[in-house]
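See below for the structure under consideration.
The values are calculated or read from the model by the stated rules, or taken from the named source; none is laboratory data. None of these values were measured; they are calculated from a predicted model. A quick note on method: Cβ atoms are made from the backbone with ideal geometry, for glycine too, and the neighbour counts reach across all protein chains shown. The protein model used for the area step is the full one, side chains on, heavy atoms only, and it has no ligands, DNA or RNA in it. Shrake-Rupley method; radii C 1.70, N 1.55, O 1.52, S 1.80 Å.
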Amino acid sequence: MVGAAVYGLCAIPDTQGSLQLDGAQAELRIERDAHGIPTVRASSEHDAHFGLGVVHAQDRLWQLETHRRIAAGRLAEVLGPGALETDRFLRALGMRRAAAAQWQQLPAASKAALQAYADGINAVLRDGGQARPPEMLILGITPEPWDPVDSLAWALMMAWDLGGNWTTELLRLRLALQMPVARINELLPPYPGETPLATTDYAKLYRGLRLDGAATATAWQGLEQMAPESGVQGVGSNNWVLAGSRSSTGGPLLANDPHLRLSTPALWYFARLAVEGAAPGLPVAGATLPGVPGVVLGQNTRIAWGFTNTAPDVQDLYLEQLDPRDATRYRTPEGWAPFETATELIKVKDRPDVKVTVRRTRHGPVISDAGTTPDVLGPQGKPSHVLAMRWTALEADNDAIGPALAMQRATSVASFFAATRGWVAPMQNMVVADADGHIGFIAPGRVPFRRPDNDLRGLAPAPGWDARYDWAGWVPADETPREIDPQRGFIATANQRITPQAHPHYLTSEWTLPYRQQRIEQLLTAKPRHSLDDLAAMQADVKSLAVPPLLPWLQRAKSVHPLAAVAQAALAGFDGTMAAERAAPLIFWAWQRHLAQAIFADDVSPALWEKSLASRHFQDALEGVLQRDDAAWCDDRRTPLAETCDEQAGAALTRALEELRQLQGDDVASWRWGRAHQVRAEHRPFSRVPLLAGLFELRAPVGGDTHTVNVTRVNLRPDGVTGERYLSEHGASLRALYDVADPRQSRVMHSSGQSGIVFSPLYRRFLQPWVQVQTVPLWPRAAAEGGAAPHVLRVLPAPAATR
């Protein structure tokens, strides 16, 4: 016990005193407040990046290690065979190979920032005097030096997490082998109020290519299971900015809460960077990403800014036809061409190494090479095609660092817009406000231009040998969506459609349902002016506007379950407020899940439903079916009867009530949404180890749901370890409120704590305040303002003789 206590103390970094580290150009100070938020005070931008590397290594070393290994496809090396499939996919995708190619083309300033940051991490690894984090000790890992390419690879992984059109393309391919396109458009409907994009009959196209259903199903399931998560429903964000005419202060106010997969420790790490000599835009404070230099979301002396995901269609899949006489070649518009190939060696803990050959076509990496039998598309027993992907983020001229650093140095809305011109991926809806009172919105990013004769529009995998499906350039950087100082006095985005239908450039047709946006606008227009406290209350709002379209069908559902009458009484007066302490949200979500399964599962194969569709909410598809009272969908094809939508609604309620009775007992009055709907911030990898999960991962009951402003996405798939349903693993990864006129009032919160070391009191410090939608000051408070004296660590350059 004494040894464990000593180790625990040694694993927590020194935050006071002095430390000599090779790589610093001059003395710098790291001042941590009571919440563990550091202010790095340096005499140059180089040392500010170096200092950020130092604090990331001190507080989040295991997180850095997992980020590096995920992007490089090296998880199996330490976690064993269970991680091999993810590694295979990432090697086939070539994330780190792409990052290495991008490093070669980076501007000198971006390279310098990355190198200074890497030097800070590596200085701590060499001379920080800190014990390895417990995860490394348990798994027997000694950290390797950080390479600047590791940072670029992690930036690509963030872009991956915010993309995901490729999964919907593959889903359409599989559905096209089981139903006509018109029916697919009802199952995956267009944005509300719009008609489906006109496309060729791709179901007929795939049949003509003789893509075998069973083989294609195998390909899809394998890729879906191997790929790290991306493009999941509920991954979105909120931001809104108010002009001084709409704020109680007379100056701009800005709110932002990006919705991402929740993890322990949190994805974000708060920091402040201050450089002597007043470099433009500095000091800057806000959310940083361990693994990457700079402040991603935050505020400097002149501006504040925040992001939501645009989710443009910047990934296209291509069916590449194999040469039947020579499988090392594939078909192009000019004839047969050889694949580019590379051999990857994947080390697997306690198992022999696995050698993988990965291929690349003129479009990009062959992602189907992730499987154990990569050539899986085509007639049964005679595969004829592979799947390749083109994605903007993999382009060799992608500089993920330079534009981000330029944004944090911007001093006005106009200069912020100018800083975004080189931004490639992920495309984001950025709102910004400046000290002169201007507000603005811009959605920068590289978006492909598709030819007018491209009759698939990026919605489904295209024949790779047909040049009309190739990208024909990029949407000009100055023609992406933007707005400055609108007359209404506010700008808000929540992943909804941000362009009019007549917009000259196609971004995507797969916008997020607009319920959060509509609720934000309801609240913003409810009164003429808002305070920062009002914006905080908006971030806590748990009223779902997705409930009213479906609720009448639930309230009139006729169920034979003995608890039906009591359950209907619990729904009386329910207005969509997803309060954790109420039963109605639990009944609603269980009913919706069972109704979607009853209406849609019989139309697809069991494998497709379980692997690809059971986790979908089908909010828009259900609304369409019920509005039409669509007997063609409501009839269960597996029975001789002709079921109606009303009958399905009643039967779904019966099944839902039985599920909830077994889950929470016979007393409906004691049912609680928050008992089932708990936020679960996964720890990699110990959430999957029952004996360690309780120590390392963070959990708490929460309200809200997928469609509330305070998002806590509802997971309908049973947890892989515990079997629980209705957990939330996606939500507001951070919340930020910025007062541009008086930055002292700005405040923030993320979902875990600043420390990634489980023994630290800062490991879970933020969890309960995050659940209660509380915040802490973004900028340090002086003692006269009630602030505590900071812990100060002086970082001294190592003497020249020791370098």
(message) Could you derive backbone 3J(HN,Hα) for segment 455-466 from the dihedral phi with the Karplus parameters 6.51, -1.76 and 1.60 (θ = phi - 60°), listing whole Hz in sequence and x where the residue is Gly or Pro?
(response) 8, 10, 6, x, 8, 8, x, 10, x, x, 8, 9
(message) Output needed: percent of Cα pairs per 5 Å distance bin for segment 420-488, bins running from 0 to the one holding the longest distance.
(response) 3, 15, 19, 16, 14, 13, 8, 5, 4, 2, 0
(request) Below 29 Å Cα-Cα, how many Lys pairs turn up in the chain? Only count pairs eight or more apart in sequence, or on different chains, if you could. (result) 10
(request) Would you mind pulling out the separation of the Cα centroids of segment 469-525 and segment 600-644, in Å? (result) 31
(message) Within 15 Å, Cβ to Cβ, of Gly51, how many net charges do the neighbouring residues add up to if Lys/Arg are +1 and Asp/Glu are -1?
(response) -4
(request) Please list the non-local residues whose amide H lies under 5 Å from the amide H of Val679, H modeled 1.01 Å from N, same-chain partners needing a gap of 5 or more. (result) Ala700, Val702, Ser728
(request) Sort 348-361, 722-735 for me by packing, meaning the mean count of neighbouring Cβ atoms within 10 Å per residue, highest on top. (result) 722-735, 348-361
(request) Mind giving me the nanometre distance, one decimal, between the label points for Gln772 and Ser615, set 7 Å out from Cα along Cα→Cβ? (result) 3.3
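Could you calculate the contour length gain from Arg325 to Arg675, that is, 0.36 nm times the residue separation minus the distance between their Cα atoms, to one decimal place in nm?
On the way: separation 350, 0.36 × 350 = 126.00 nm, distance 6.00 nm.
Gain in length upon complete extension: 120.0 nm.
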(message) Between [x] 40.2, 143; [y] 27.2, 96; [z] 26.4, 87, which entry matches Rg and Dmax of the Cα atoms in Å as derived from the coordinates of this structure?
(response) [z]
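Of the accessible area of segment 276-411, with the probe set at 1.4 angstrom, what percent is carbon plus sulfur? Please list the in-between numbers first.
Working: 2520 of 5020 Å².
Here it works out to 50 percent.
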(request) Write down the radius of gyration of segment 240-315 and its Dmax, each obtained from C-alpha positions, in Å. (result) 15.0, 43
(request) Within 10 Å, count the other beta carbons around each residue, average over each peptide in 68-77, 410-419, 152-161, 599-608, and list them highest first. (result) 152-161, 68-77, 410-419, 599-608
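Which whole-number value in Å² is the accessible area per residue of segment 534-677, probe 1.4 Å?
Per residue, segment 534-677 has 39 Å² of solvent-accessible surface.
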(message) Could you tell me the ratio Rg/Rh of segment 343-458? Both radii from Cα atoms, Rh via Kirkwood.
(response) 1.17
(message) Taking 0.36 nm per residue of sequence separation and subtracting the Cα-Cα distance, how much length would be gained by fully extending the chain between Thr341 and Leu209, in nm to one decimal?
(response) 45.0 nm
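Rank by packing, highest mean first: peptides 559-567, 736-744, with packing defined as the count of other Cβ atoms within 10 Å averaged across residues.
On the way: 559-567: 16.7, 736-744: 21.1.
Going from most to least packed, we get 736-744, 559-567.
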(request) Quick one: which residues, 5 or more positions from Asn238 or on another chain, have an amide H under 5 Å from its amide H? H modelled 1.01 Å from N in the peptide plane, none for Pro or chain starts. (result) Asp257, His259
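Please compute the per residue accessible area over segment 449-531 with all protein chains in place, 1.4 Å probe, rounded to a whole number of Å².
Details: 3750 Å² over 83 residues.
Accessible area per residue: 45 Å².
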(request) Enumerate the calculated ³J(HN,Hα) couplings along segment 767-777 in order (Karplus 6.51 cos²θ - 1.76 cosθ + 1.60, θ = phi - 60°), each rounded to whole Hz, writing x wherever the residue is Gly or Pro. (result) 4, 5, x, 5, 4, 8, 6, 9, 9, 10, x
(request) Calculate one ³J(HN,Hα) per residue across segment 301-315 by plugging θ = phi - 60° into the Karplus curve 6.51 cos²θ - 1.76 cosθ + 1.60, and present them in order as whole Hz with x for glycine and proline. (result) 5, 10, 9, 9, 8, x, 10, 10, 7, 7, 6, x, 8, 10, 10
(request) Please work out the average accessible area per residue across segment 286-327, using the 1.4 Å probe convention, and give it in Å². (result) 20
(message) Give me the percent of accessible area attributable to carbon and sulfur for segment 571-645, probe 1.4 angstrom.
(response) 52
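What is the projected area of the convex hull of the Cα atoms of segment 669-803, averaged over all directions, in nm²?
Working: hull surface 56.0 nm².
Result: a mean projected hull area of 14.0 nm².
Over segment 79-140, what percent of the accessible surface lies on carbon and sulfur atoms, probe 1.4 Å?
On the way: 1210 of 2350 Å².
After summing per-atom areas, the C and S share lands at 52 percent.
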